[in-house]
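What follows is one structure encoded as structure tokens, with my remarks underneath.
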Amino acid sequence: MPPLKLTSQNLPQIVATAGESQVKIPTYARGGAVKEGIVHVGVGGFHRAHLAVYVDQLMQHHGVTDYAICGVGLQPFDAAMRDALASQDHLYTVIERSGSGSFAHVVGSINSYLFAPDNREAVIAKMAHPDTHIVSMTITESGYYYNENTHELQSEHPDIQYDLDPAHDAAPRTIFGFLYAALARRYAQGLNPFTVMSCDNMQKNGSITRHMLESFARLRNPAFAQWIADHGAFPNAMVDRITPQTAASDKAALAATVGIEDAWPVITEPFMQWVIEDQFSDGRPPFHKVGVQVVKDVHDVEEFEKHKLRLLNGSHSAIGYPGQLAGFQYVHEVMADPVYSQFIWQMMQEEVKPSLPEIPGVDVDRYCRTLVERFSNPTIMDQLPRICLNASGKIPQFIMPSIAEAIWVTGPFRRLCFVAAAWFRYIGGVDDSGKPFEVDDPMRQELQDKARAGGNHPAELLSIRNLFGDDLREDERFMKTITTALEDIARDGVMKTMPKYVD
Ligand code: CS2
């Protein structure tokens, strides 16, 4: 039988044909029968595998009807998501894959979608609407206009300058322009500010969002900025679910095995985690009922974030940059190499773990073992180019803090340095066999200029202050270790060098 197009109308037939052991469908009310309490900016794979799944479970199992999601796309490339979702009543399939099989789950929590480039005013009006309680986002590091060195808003950036001009109030470009305009309307109407909930994978994501928005607002209207400061809520959160990019073969497999024709399904792993600070200014759904860890103390979130960013994402970087140089394509392929997986394990255990705070109830060794299992999952086909994307927003968060702490306590850090050196080499865009690859990074030009100028010496790259600050270059042990790694990789390639970094 030919596959059925994913639409509300076809859902009963889809489940009847595939069987309930193959696919789950939403049976809750949607459309005009529910309220859209969450406006989410940046509907990519991660949002659709994470927040939207938690909300789907709330709607399916806990009768929640006032927190359906209105998706928003700010970027021109979001037109593809708008069209995919619009063609299928905003339904989509989450395909969970593990060693024990694959399970499809149709998610209905995204109720509508607004594409800002078509109608910016509609997005502001939606955020300002009294039914909206939370504006959430996954806009990646670069969407925050955050200067890592000064910890301030990049207020000189042309996009921010554009949005600071009151003439552009009704048609902003950046997230802060939209939030500012919508909050101003709520203020004028005597409503509470909505909660601004970052779901991006950044340390202190809520605090950074607060600081950036307040800085933006102060440049416009200090009195209004104070209202945001006094009444706004910006929960910090640790978010986790490995979500590869969808491949054409994933769509074909869904059609062939489950009989669903979905324009853009999501592939993910069974594991998911979300730890969020309980800071909401206009109510929230009972997230804890679907396994979200809602915690009172920001300190607790920060500790979870540290564990996750340094162990999971740090290891991903260690898999990504050297792995790409060595010619691997997928995360699980790297993990299948015995020397390489030893390298990852030893980096976690010997170089990252010592600097992590203890979290009551969390067994770090077990966490590391779970990570090895997750990385080794051969069925999700997690692509190295995805892991390597936007490195300038990643390495300073995932690898450099562990190096800095190892410097302070004179702890071991040669594997971490190897990873940083591999990134430096990766910036050149040519792998160890001489094959070119795409370097996708907002700072690519500057990075490539510095890499070229520095050759096999890292000092040029390390001089980029808004990535590295300026402390590390003064540390002789660090400079020696990273320079040796860079020279080794340049001379012998990753795979020949790696055994020297494994005990
Ligand atoms: C990855 C993350 O892009 C990356 O660097 O490490 O996207 C990772 O898959 C997620 O953070 C998992 O929660």
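What the table below lists for this structure:
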quantity	calculated
Cβ-Cβ FRET estimate between His299 and Gln346, R0 fixed at 41 Å, reported to 0.05	0.90
Exposed GluC sites (Glu not before Pro) absent - longest run of the chain, DSSP non-H/G/I/E/B, at most 16 other C-beta within 10 Å	157-357
Förster radius 35 Å - calculated FRET efficiency between Asn466 and Ala252 (Cβ-Cβ, nearest 0.05)	0.20
Extension gain from Asp165 to Asp83, taking 0.36 nm per residue of separation minus the Cα-Cα distance	26.4 nm
Top positive-direction residue, dipole computed over the chain with Cβ charges, set Ser355, Ala326, Gly206	Ala326
Volume in Å³ per residue [convex hull over Cα atoms, computed for the stretch 103-249]	148
Partner aspartates and glutamates for Lys5 [C-alpha distance under 16 Å; skip if fewer than 8 residues away on the same chain]	Asp83, Asp89, Asp250, Glu261, Asp262
Computed label-point distance, nm, for sites Asp475 and Asp449 using a 7 Å Cα→Cβ extension	2.8
Percentage, to the nearest whole number, of Cα pairs in the stretch 176-329 over 28 Å apart	42
Stretch gain in nm, segment His157-Gln189, where the contour uses 0.36 nm per residue and the Cα spacing is subtracted	8.4 nm
Value of relative contact order over the stretch 4-284, rounded to a whole percent, pairs C-alpha under 8 Å and six or more apart	22
Linear extension gain, Gln75 paired with Val502, 0.36 nm per residue minus alpha-carbon span	149.4 nm
DSSP-defined beta bridges in the chain - what % are antiparallel, rounded to 5	35
Volume per residue of the C-alpha convex hull in the stretch 94-137, rounded to whole Å³	121
Approximate shape of the stretch 17-86 as ellipsoid semi-axes (Cα gyration tensor, √5λ), whole Å, largest first	22, 17, 11
Stokes-Einstein D (µm²/s) once Rh is taken as the Kirkwood radius of the chain over alpha-carbon pairs, at 4 °C in 1.567 mPa s	54
Whole-number percent relative contact order across the stretch 80-164, with pairs defined as alpha carbons under 8 Å at least 6 apart	15
Span per principal axis, largest first, for the Cα atoms of the stretch 4-284 (Å)	59, 39, 34
15 Å beta-carbon shell around Pro12, net charge (K/R +1, D/E -1)	+1
Mean Cα-pair separation over length for the chain, i.e. relative contact order, pairs under 8 Å, 6 or more apart, %	14
Hull shadow area, averaged, the stretch 1-152 [alpha-carbon convex hull, nm²]	11.7
24 Å Cα-Cα threshold exceeded, pairs from Lys353/Lys500; Lys204/Lys394; Lys450/Lys500; Lys308/Lys394; Lys480/Lys500	Lys450/Lys500
Alpha-carbon radius of gyration plus Dmax, which is the widest Cα pair, for the stretch 300-501 in Å	15.8, 48
Calculated FRET value between Phe224 and Val409, using beta carbons and R₀ = 60 Å, to 0.05	0.85
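Computed from the coordinates by the stated procedures, all read-outs in this text should not be read as laboratory data. Owing to the predicted nature of the structure, the values given are computational and were not obtained by experimental measurement. Glycine also receives a Cβ, built like all others from the backbone with ideal geometry; neighbour counts cover every protein chain displayed.
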